[in-house]
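Below is one structure, written out as structure tokens; the observations come after it.
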Amino acid sequence: MAEKQHNSKCPESRIHNEAEDIEAFDNVQEARGEAESQADEANDMINSQLEDIDNLNRQLLEAQAQVEKEKKEYLFLMAEFDNFRKRTVREKSEIIKNAGESVLKGLLPIVDDFERGLQASAGTDAADVYKGMELIYQKLVKYLAQNGVKPIESTGKPFDPELHEAIAMVPVPDEAQKGVVIDTPTKGYTINDKVLRHAKVAVGQ
């Protein structure tokens, strides 16, 4: 009787166990699915990060290449500028040198005139010597003017510290003469409107 009762309970126990097994299997499958989903998400994240790293590396390489290119261009420009500076200094030096040579060469005919005048003045009348010297002087003044050198007007003009250098103060009876250049012992000159030499003057006080 007891044996029959035990046999009648076995099918229910077996069904219950099978249900538990199925539930456990489903749980395992679900857990496995979640794990695989999380693994896929992790892989996607890693792949995305690796892609970002690759992009950053590529950008870094491009930036380094650009910096290297600009560095070479900068060095090239610096070399070009240095060459230009040296060439400009050399050309300027040549211009100054040639200008000096040209001015001195222009004075040589006047020196020739002085030499001829000195030779001709031996035993001649003083008036003739004076006339010859005046001609040479006029020639020299003309040559200076052609090169931009002009005398500064001083005597009778108001004293101008930009043009004149006062070397003496002279008492004057007339109030109107105070601050006016009375005498010019040494002429001043300008070259292309720039003072080449200040006029040395005596000023009324």
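The values are calculated or read from the model by the stated rules, or taken from the named source; none is laboratory data. Quick caveat: nothing in here was measured; it's all calculated off a predicted structure. FYI the Cβ positions are ideal-geometry reconstructions off the backbone, even for glycines, and counts take in every protein chain you see. Just so you know, the surface numbers come from the protein's heavy atoms only, side chains and all, with ligands and any DNA or RNA stripped out. Shrake-Rupley method; radii C 1.70, N 1.55, O 1.52, S 1.80 Å.
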Work from the charge dipole of the chain (Cβ charges, +1 for Lys and Arg, -1 for Asp and Glu, about the Cα centre) and give the residue of A39, M169, F81 farthest towards its positive end. M169
Tell me, what ³J(HN,Hα) does each residue in segment 56-66 have, in order and in whole Hz, if you take phi through Karplus 6.51 cos²θ - 1.76 cosθ + 1.60 with θ = phi - 60° and put x for Gly and Pro? 5, 4, 5, 5, 5, 5, 5, 5, 5, 5, 5
Charge dipole (debye, nearest 20) of segment 103-142; +1 at Cβ of Lys and Arg, -1 at Cβ of Asp and Glu: 220
Quickly rank 149-160, 98-109 as a protection proxy: mean count of other C-beta atoms within 10 Å, highest first. 149-160, 98-109
Per residue value of the accessible surface for the chain (all protein chains in place, 1.4 Å probe), Å²: 82
Could I get the Rg over Rh figure for segment 56-205? Both from C-alpha atoms, Rh via Kirkwood, rounded to two places. 1.37
When Lys and Arg each count +1 and Asp and Glu each count -1, what net charge do the other residues less than 14 Å away from L196, Cβ to Cβ, add up to? +2
Which value in deg cm²/dmol, rounded to the nearest 500, describes the helix-derived mean residue ellipticity at 222 nm for the chain, given -39,500 (n - 2.57) per DSSP H run of n ≥ 4 and division by the residue count? -26000 deg cm²/dmol
Mean separation of Cα contacts under 8 Å (at least 6 apart) over the residue count of segment 50-205, i.e. the relative contact order in percent, is 17
Given +1 on the Cβ of Lys and Arg, -1 on the Cβ of Asp and Glu, and no further charges, what dipole in debye does the chain carry about its Cα centre, rounded to the nearest 20? 3100
Quick one: putting +1 on the C-beta of Lys and Arg, -1 on the C-beta of Asp and Glu, what dipole do you get for segment 104-205 around its Cα centre, in Debye to the nearest 20? 320
The set of residues whose placed amide H lies less than 5 Å from the amide H of V180, leaving out same-chain residues fewer than 5 positions away, is F159, G204
So which of K92/K150; K86/K194; K131/K157; K157/K200; K142/K187; K142/K178 end up more than 23 Å apart by C-alpha? K92/K150; K86/K194; K131/K157; K142/K178
nm² value of the averaged projected area, convex hull over the Cα atoms of segment 92-149: 4.3
Which whole-Hz couplings ³J(HN,Hα) result when phi for each residue of segment 29-36 is put into the Karplus expression 6.51 cos²θ - 1.76 cosθ + 1.60, θ = phi - 60°, listed in order with x for Gly and Pro? 5, 5, 5, 5, x, 5, 5, 5
Carbon plus sulfur, as percent of the 1.4 Å-probe accessible area of the chain, comes to 57
